[in-house]
Every structure is written in C-alpha cells, then in structure tokens.
Amino acid sequence: MRASGYERHADDWYVEPAWCVDALVQAERPFIGAVLDPCCGGGNIVTRLRVNDVHAQGADIRDRADGQFPVMGYAQSLFDTRPDSVVSNPPYGLAQDFIDSCLTTTTDRVCVLLRLAFLEGQKRRDWLMRAPLARVWVCSKRVSMPPGGTDIAAKGGSIAYAWFVFERGHIGQPVLGWLPDVEILP
C-alpha cells in the first residue's frame, strides 16, 4: 500500500482531479501552440486543457481511453509530436528522466504534477539546481489521486502535491506560489 492509502497501480497510473488542472491553467501564463500529455491515462489532463481552450493532445503506454489516444511510450510520443509544451502527471519513479526527455523536445515548458517531496534528496537537488525549474505551484488543497481504471472513489488527500514548471531558457531560482482556488468549468 502507498502512503496515499491506495494500492500501487502496476503502471503508476493515478487520476488527478480536474480542479488541479484547471488551477494550473489559471496560475500559468497562456499556453502557446501544441501541448502534449505523453502519459495521459484516461485523458483527464487533455480534457481539462481543451475545456480551457488549450490545443492539447495525449498518448499513453496503454490504451486507457478506448482508442482516443495513440498507444506508445512517452519518449516516442515526444519524438513523434514535438510539442511546444508538456503538461502531465508522469509515473513518479520516472519523473526525472521524463522531465529531461520533455525538455529536449519542447520549445516552451514542461509542467508536471508531482509530490512536493520531489524537491528533496541530495542527487535530485544537484539535478534541480541545473534544470530550468521556473515555478513550483503548491496545491494548498490536498490532492487525492485514486488508481486509474478502477471504481475507487477519491479519498481525502494525504500527500502534498505541486505543479513543477520547467521553462526553456529559465535561469535562476524558481518562484514558489500557490494554486488558486478554482471552480470546475463544465
């Protein structure tokens, strides 16, 4: 069992709440061009970005959305799509490699939803000091992410999450901010 209280999903597929994606869109400057979620699961991030008038597309290593998105690994989808930006909730254990891969193919920014504890660790600190981490948007409201493909209801979140925004060309310390409270758009 994970610290979140949910059983671990084999592919680290956990479904983020819609409000969390809507809050990122409100906090960030407008997205320009094509945005990809290369680990889109059932397509929640893609759907919420589209509702917010962002040109978004998705792909996933498995077909989790009845054929709506191409089935391929994230590296292949980045290579095939060459997006301007990435917005994703990647598998936590692959997050650093995922971010590095995204930064080599995007022209704008990479926004990833990760545990706030991603900031911890000696090895990761050295990497973060070199990476173009521009902003960290902390979720004041706890995020509950039940395993995808199940009928398990979201519980009260117990883990602190944040959107980490890596921006091409950013130099210097990241800005720390908090996501706004949002009303879910239809």
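The values are calculated or read from the model by the stated rules, or taken from the named source; none is laboratory data. Since the model is a prediction, treat every value here as computed from it, not as a measurement. A quick note on method: Cβ atoms are made from the backbone with ideal geometry, for glycine too, and the neighbour counts reach across all protein chains shown. Protein only, heavy atoms only, side chains kept; ligands, DNA and RNA dropped before computing areas. Shrake-Rupley method; radii C 1.70, N 1.55, O 1.52, S 1.80 Å.
For segment 63-77, the set of residues classified as modelled with pLDDT of 95 or more and among the basic types (Lys, Arg) is empty. Looking only at residues of segment 42-62 that are of a type in the set (Gly, Ala, Ser) and modelled with pLDDT under 95, we find that the one that is most open to solvent (accessible area, probe 1.4 Å) is 42.
The criterion of at least 1 residues that are free of Cβ contacts under 8 Å to residues at least 24 places away in the same chain is met, among strands (runs of 3 or more DSSP E) falling completely within segment 20-103, by 56-58. The set of residues in segment 26-36 that are among the aliphatic types (A, V, I, L, M) and either over 13 Å from the mean Cα position of the chain (by Cα) or open to solvent by 30 Å² or more (accessible area, probe 1.4 Å) (or both) comprises 27, 32, 34. The set of residues in segment 78-94 being modelled with pLDDT of 95 or more and surrounded by fewer than 19 Cβ atoms within 10 Å (Cβ to Cβ) consists of 79, 80, 82, 84. With surrounded by 16 or more Cβ atoms within 10 Å (Cβ to Cβ), in contact with a Pro (Cβ under 6 Å, 6 or more places away or on another chain) and within 22 Å of residue 118 (Cβ to Cβ) as the only criterion, which of 102, 39 stands out? When all the criteria are applied, what remains is 39. For the criterion of being farther than 22 Å from residue 169 by Cβ, in contact with a strand residue (DSSP E or B) (Cβ under 6 Å, 6 or more places away or on another chain) and charged (D, E, K, R), residue 64 fails.
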